[in-house]
Amino acid sequence: MGFRTARRSAATIIGVAMATLAVSGCSLFSPQSPSTTSAGSAPVTTSTGAPTSAATSAATTTSAAATTSAPAGPQPCASAQLKASLGAGGGGGAGHDYPYLVLTNAGSVPCTVTGYPGVSFVHGGNGTQLGAPADREAAGVPVTTITLAAGQAAHAQLSIAQAGNYDAATCQPTAIDGIRVFPPDQTAALFVATTAYTGCANASVKLLLVRPLQAGAA
């Protein structure tokens, strides 16, 4: 082989090698194209979902239990639960009578009474109040809450001044046909029939005093 032929062959080999390296360089060092998401692809979502019916039921039950509470104990006696009567009490003397007003739980569940009942004379066969209602007199008796089981009673002592102690023109004596009683904190009245006492039609003459309720029928 001649020198020119050998030189020409070497140049050809070097040219091929350089072309190969150039192609390889583009392949090895060109940055990769970032991956893309098609605009038509749906976004990924997380469903919160509705609570199951069992969970809802449990939550409702818990809420109802939290907002509903049972009464702490016996409630005040309603007038409809009570029966009123008069007991002999301390008898009489010095122009006064001292009967006991007795309130009995005629219901089937326990209830409570506290303090003073309201008391007045009535007449005319129709519940018309006669004279002034009873004033309150503690007389050393403490005000306490008394629980009455079914059939149990509490009593309050009355002091009833005799109408004859007063000038007739001032008192205007009038026969009574009963005593009206309002249990503590109640607006419905009870009635005790009695003709044992005489009232004063003049409301400025006060014949009645009532003391706080105490446990027992006296």
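Per-structure values
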{"read-out": "Identity of the residue in region 195-216, in contact with an Asp or Glu (Cβ under 8 Å, 6 or more places away or on another chain) and among the β-branched types (Val, Ile, Thr), that ends up surrounded by the most Cβ atoms within 10 Å (Cβ to Cβ)", "value": "210"}
{"read-out": "Count - residues of region 155-213 that are in a strand (DSSP E or B) and touching a residue at least 40 places away in the same chain (Cβ under 8 Å)", "value": "22"}
{"read-out": "Residues (of a type in the set (A, V, I, L, M, F, W, C) and surrounded by 17 or more Cβ atoms within 10 Å (Cβ to Cβ)) located in region 107-137", "value": "111, 113, 119, 121, 122, 130, 132, 134"}
{"read-out": "Positions within region 173-218 being in contact with a Cys (Cβ under 8 Å, 6 or more places away or on another chain) and hydrophobic (A, V, I, L, M, F, W, C), in sequence order", "value": "200, 201, 205, 207"}
{"read-out": "Selection status of residue 161, closer than 24 Å to residue 115 by Cβ, surrounded by 14 or more Cβ atoms within 10 Å (Cβ to Cβ), of a type outside the set (Ser, Thr, Tyr) and touching a Phe, Trp or Tyr at 6+ places or on another chain (Cβ under 6 Å)", "value": "no"}
{"read-out": "Every pair of residues 6+ apart whose Cβ atoms lie under 8 Å, when the first sits in region 95-108 and is of a type in the set (Val, Ile, Thr) while the second is part of a loop (DSSP other than H, G, I, E, B)", "value": "102/217; 102/218; 104/151; 104/152; 104/217"}
{"read-out": "Hey, residue 104 of a type outside the set (Lys, Arg), closer than 23 Å to residue 89 by Cβ, in contact with a helix residue (DSSP H, G or I) (Cβ under 7 Å, 6 or more places away or on another chain) and crowded, with 16+ Cβ neighbours inside 10 Å or not", "value": "no"}
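Read-outs throughout are calculated quantities, based only on the coordinates presented, and are distinct from any laboratory measurement. Note that this is a predicted model, so its numbers are computed, not measured. Here Cβ is always computed from backbone atoms with ideal geometry, including for glycine, and neighbour counts include all displayed protein chains.
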